[in-house]
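Structure first, commentary second.
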Amino acid sequence: MLYNIPYKTKQFFFVLIKLSIVVGAFYFIYNKLIENEQLRLSDFLGFLKENDTFSTKNILFLIILSVFNWFFEILKWKTLVKTIKAISFKEALEQSLGGLTASLITPNRIGDYGAKAIYYSTSHRKRIVLLNLLGNMSQMTITTILGVIGLIVFINKYQIEVDYFKFARFGTIIILLGVFAFFGAKQSKFNIKGYSVSKLLEFIKKIPFRTHLFNLSLSLIRYLIFSFQFYYLLIIFGVEVDYVKAMVVITSMYLLASIIPSITIFDVVVKGSVAVFLFGFVQVNELTILSITTLMWLLNFAIPSIFGSYFVLNFKLPTHKE
């Protein structure tokens, strides 16, 4: 039925979709800054001015950290896609930032999967989605490993009361789900995105071990960069805390925030709420933490997505067959 639609009509709807993505992204960024119930824009700007956050040195260093954060994310994507076809760094940049823009208003960044896949021919799209999943899984693996270590230290250090019965019950449920998933994966009829689990595992195994290792290494480097960026903002705002102590709280924060499903545009709210709770144990006031989480969101999500909107608007569907 879609093939009967006139070419000009298809082009009109395609342009309309691209405009909707960009306008939606800009609207939510604007709305998050103007109508943030946690942090009023006037308070946020006043606090930044009071702490001399916008000095040339601070701006330059924060931007450099964000650039390196995205540089390694783009390099990671370029490396993963290379297992299917070689792409340039510029193409990886376009796909990564374009995907970010498309994902901004979708739950758990689902839009990123579709946006990246559409850059490729139909025959490659399922594998591109899987490669994107592998990239995100590697980042989540690093977040989980460091986060669990940080959370254990945090709980022991600050004597957090934990309901071990509920914790054990939750753990049991997770283990049971894992067992069911394992036996379900053994069934040949069980499939994800058109692939049986056995084929998915086979696809993953075909990817060179060096690529998996490089993928995890880049994820670790990214984690160290944006967590240090958070720590640097703490120093800028006059919080007297050593790096190790700060990292215990920061790793715990990223772990807890990452396991809470949310729309990317509300990521700042989720991380802000978690951060306010955790940093309360080290006597950091709420305004400071909310300002930092807002800046982190602006530097690593909002501003890059604005650049990504350029790629979304200039995107053209691939016409060649590969």
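The values are calculated or read from the model by the stated rules, or taken from the named source; none is laboratory data. Values in this document were obtained by computation on a predicted structure and should not be read as measured data. Backbone-built Cβ (ideal geometry, glycine too); neighbour counts: all protein chains shown.
A few points about this structure:
- Boolean, TYR254 is under 30 Å from PHE44 (Cα atoms), in a helix (DSSP H, G or I) and at pLDDT 95 or above: no
- Matching option when the condition is in contact (Cβ under 8 Å) with a residue 24 or more places away in the chain, surrounded by fewer than 18 Cβ atoms within 10 Å (Cβ to Cβ), within 18 Å of HIS212 (Cβ to Cβ) and not aromatic (Phe, Trp, Tyr), among THR83, THR143: THR83
- Scanning segment 231-245 for residues that are assigned to a helix (DSSP H, G or I), within 16 Å of ASN285 (Cβ to Cβ) and in contact (Cβ under 8 Å) with a residue 24 or more places away in the chain turns up LEU233, LEU234, ILE236.
- ASN136 vs. criteria within 21 Å of ALA246 (Cβ to Cβ) and surrounded by fewer than 19 Cβ atoms within 10 Å (Cβ to Cβ): no
- Helices (runs of 4 or more DSSP H) lying entirely in segment 26-136 (those with 1 or more residues that are at pLDDT 90 or above and either in contact with a Ser or Thr (Cβ under 9 Å, 6 or more places away or on another chain) or of a type in the set (Gly, Ala, Ser) (or both)): 56-81, 89-103, 110-117
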